[in-house]
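Asks: Dropping the structure in here first, questions after.
Each reported figure results from applying straightforward, stated rules to the coordinates on display, with no laboratory input. All values reported here derive from a predicted model rather than from experimental measurement. Virtual Cβ from ideal backbone geometry, glycine too; neighbours counted across all protein chains shown.
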Ligand SMILES: Cc1cc2nc3c(=O)[nH]c(=O)nc-3n(C[C@H](O)[C@H](O)[C@H](O)COP(=O)(O)OP(=O)(O)OC[C@H]3O[C@@H](n4cnc5c(N)ncnc54)[C@H](O)[C@@H]3O)c2cc1C
């Protein structure tokens with residue numbers, strides 16, 4: 001290459017390296033060019049260092065804004081531990097951290113990277129209560145049990161707040177959430193619900209909003225009224241997962257990435273195998289959720305993996321972002337295929353909408369999600385989409401989480417049904433409590449009824465598809 005061409009290419013590289021808007025894919029190319037010109041000694045380009053750590057994460061806004069990505073080794077050879085945790089999402093990380101704090105010797109095995117699954121890709125909304133509202137829970141289980149489950153969900157919110165504070169996790173924790181009511185037949189519920197929470201659940205933080213009040217906080221004409229919850233929260237999901245991992249590592253947990261578990265024995269101790277290593281452990285914790293695959297057929301039929309999608313717009317500027325959604329509160333609506341959104345620290349709209357029920361993602365995720373965004377915010381028609389990504393979560397038949405014990409030494413938690421940021425994190429803690437000998441709260445969650453999807457793992461999709469079509473049609477009526 002002639003000197004001038006070489007020079008302009010190098011200038012281009014430098015510009016890309018300092019351009020915060022570059023996507024991870026583009027930066028990876030730049031990184032390879034840097035290596036070609038400068039060899040491995042180019043640590044002064046800090047974005048390149050970040051990038052090397054980001055390898056193995058799906059491209060998206062969260063990966064592009066991740067902080068504290070630490071590369072953990074792959075399991076090779078034999079390890080021994082009290083507990084082997086499988087899965088590096090909130091369930092697994094929280095179980096590992098809480099166990100290590102109780103004095104257990106813990107190994108965590110993650111098939112890909114920490115937070116690679118739903119925990120590093122979700123909307124970041126932390127709602128109050130369980131996935132079903134407290135009045136529905138009362139109808140199903142009576143007041144006493146509903147209150148117990150509400151208290152557990154409140155403790156789950158507290159656990160997140162305390163973890164963020166204790167480990168100083170930079171995950172942009174924000175307060176305030178609105179449920180926007182999109183359908184006439186659902187109006188009136190917000191007022192009744194807020195009153196019930198205040199009177200029977202000692203929760204005075206929710207209040208009903210009129211259409212005008214809702215419109216003043218969220219610039220959409222779609223909502224007929226709203227339910228404002230001052231103590232619900234939101235956060236940057238991947239950075240929270242990375243913060244938990246760092247806390248777990250500091251507490252002594254040995255974390256291995258790119259270490260997919262292929263099988264485990266049902267003995268005591270169990271032997272957990274990956275392609276290149278083995279862990280002998282007295283207990284196993286299974287936290288694979290929507291990414292479980294065929295690892296544990298005894299629980300696979302209780303959940304349905306579904307894919308959900310998000311986008312991040314270009315930065316809107318502080319004024320436009322605040323006009324769109326006030327006070328950086330987060331929002332979801334009452335649709336069955338729920339729309340959920342909030343603004344980011346750098347004033348983008350992060351919008352989740354649309355899902356599919358097969359193994360692949362749409363080829364153009366941005367084009368798939370954008371119509372959902374424009375249905376609520378037609379004023380964003382001129383706005384560019386910078387990132388779009390998808391993730392897999394798991395739902396249960398009754399939309400309640402599925403926790404349990406398959407063997408005296410094998411615990412699992414899964415099926416948070418789209419309401420898992422706080423509950424999966426807490427499920428990990430409850431499993432740690434149970435292994436430590438106090439199973440009271442674990443038992444409350446584990447006693448929730450669970451059902452097998454009709455058709456099991458092979459035939460559950462056709463039935464699910466029909467069900468989903470029915471409910472999404474109901475959304476429109
Ligand atoms: C797009 C999207 C938006 C969402 N939005 C919200 C929201 O706003 N609010 C909310 O409350 N919930 C939301 N959820 C749900 C929430 O993210 C999940 O409930 C939660 O993250 C589940 O955590 P988890 O640790 O159980 O599972 P995951 O985070 O999926 O972690 C499972 C991990 O197990 C690993 N694994 C799988 N198999 C193996 C194996 N054989 N060996 C080793 N490791 C293995 C996977 O690689 C993965 O990292 C959303 C989910 C998605 C996908």
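Asks: Less than 11 Å from a label point 7 Å out along the Cα-to-Cβ axis of residue 250: which backbone N atoms in the range 404-448 qualify, by residue?
Replies: So the set is empty, nothing qualifies.
Asks: Given points 7 Å out from each Cα along the Cα-Cβ axis, report the residue 76 to residue 192 separation in nanometres with one decimal.
Replies: In this crude spin-label approximation the distance works out to 6.2 nm.
Asks: Show me the ranking of peptides 185-198, 356-369, 235-248 by mean Cβ neighbours inside 10 Å, starting with the highest. Before the final figure, lay out each step's value.
Replies: Working: 185-198: 16.0, 356-369: 14.5, 235-248: 25.6.
Taking the mean over residues of other Cβ atoms within 10 Å, the ranking is 235-248, 185-198, 356-369.
Asks: While we're here: As an exercise, use a Förster radius of 30 Å and the Cβ-Cβ distance of residue 382 and residue 135 to find the FRET efficiency, rounded to the nearest 0.05. Working shown, then result.
Replies: Details: r = 41 Å, r/R0 = 1.38.
FRET efficiency, residue 382 to residue 135: 0.15.
Asks: In nm, what is the difference between 0.36 nm times the number of residues separating residue 168 and residue 202 and their Cα-Cα distance? Each step should come with its number before you reach the end.
Replies: Values: separation 34, 0.36 × 34 = 12.24 nm, distance 2.91 nm.
Gain in length upon complete extension: 9.3 nm.
Asks: Quick one: check the C-alpha center-to-center distance for the range 116-165 versus the range 233-289, whole angstrom.
Replies: Taking the Cα centre of the range 233-289 as reference, the centre of the range 116-165 is 24 Å away.
Asks: Let me ask something else about it. Could you list log10 I(q)/I(0) for the range 112-229 at q = 0.17 Å⁻¹, which the Debye formula gives when each Cα is one point scatterer?
Replies: For the requested q values the scattering log ratios are -1.00.
Asks: Just to confirm my numbers, what's the Cα centroid distance between the range 185-230 and the range 350-380 in Å?
Replies: Centre-to-centre (Cα) distance: 26 Å.
Asks: Let me ask something else. How long is the gain from residue 318 to residue 67 if the chain were fully straight, where each residue apart is worth 0.36 nm and the alpha carbon distance is subtracted?
Replies: Working: separation 251, 0.36 × 251 = 90.36 nm, distance 2.22 nm.
Taking 0.36 nm per residue and subtracting the Cα distance, the gain is 88.1 nm.
Asks: Per-residue counts of other Cβ atoms within 10 Å, averaged by peptide: what ranking do you get for 414-420, 102-108, highest first? Mind dumping the intermediate values first?
Replies: Numbers: 414-420: 26.3, 102-108: 21.0.
With the highest mean Cβ count within 10 Å placed first, the list reads 414-420, 102-108.
Asks: OK, next. I need to check one value: relative contact order of the range 210-316, counting alpha carbon pairs closer than 8 Å and at least 6 residues apart, in percent. Write out the running numbers ahead of the final one.
Replies: Working: 69 pairs, mean separation 12.1, N = 107.
Here the relative contact order equals 11 percent.
Asks: Calculate the tail of P(r) for the range 55-158: the fraction of all Cα-Cα distances greater than 21 Å, expressed in %.
Replies: Working: 2864 of 5356 pairs.
So the portion of pairs separated by more than 21 Å is 53 percent.
Asks: Next question. Starting from the Cα gyration tensor of the range 178-237, take the square roots of the eigenvalues, sort them a ≥ b ≥ c, and report rounded, prolate or oblate (rounded when a/c is under 1.5, otherwise prolate if a/b is larger than b/c, else oblate).
Replies: Working: a/c = 2.11, a/b = 1.18, b/c = 1.79.
Oblate is the answer for the range 178-237, as a/c is 1.5 or above yet b/c matches or exceeds a/b.
Asks: 7 Å from Cα along Cα→Cβ at both residue 55 and residue 327: what's the point-to-point distance in nm?
Replies: Going by the 7 Å Cα→Cβ label model, 4.6 nm.
Asks: At 0.36 nm per residue, minus the direct Cα-Cα distance, what do residue 266 and residue 144 gain on full extension? Give it in nm, one decimal, please. Present the calculation step by step, with values, prior to reporting the outcome.
Replies: Values: separation 122, 0.36 × 122 = 43.92 nm, distance 3.67 nm.
So the chain would gain 40.2 nm between residue 266 and residue 144.
Asks: Oh, and also: Just the number: Rg to Rh for the range 73-477, Cα atoms, Kirkwood Rh, two decimals.
Replies: Values: Rg = 20.7 Å, Rh = 21.6 Å.
We get a ratio of 0.96 for the range 73-477.
Asks: Sorted by average packing, counted as other Cβ atoms within 10 angstrom per residue and highest first, what order do 142-155, 112-125 take?
Replies: Details: 142-155: 16.6, 112-125: 26.1.
Packing order, densest peptide first, comes out as 112-125, 142-155.
Asks: Can I ask one more? Taking the alpha-carbon centroid of each part, what is the distance from the range 400-456 to the range 302-328 in angstrom?
Replies: Between the Cα centres of the range 400-456 and the range 302-328 lies a distance of 29 Å.
Asks: Additional query: Output the direction-averaged projected area (hull surface divided by four) of the convex hull of the alpha-carbon atoms of the range 234-366, in nm². Let's see the in-between values first.
Replies: Numbers: hull surface 46.4 nm².
Over every viewing direction, the Cα hull of the range 234-366 projects on average to 11.6 nm².
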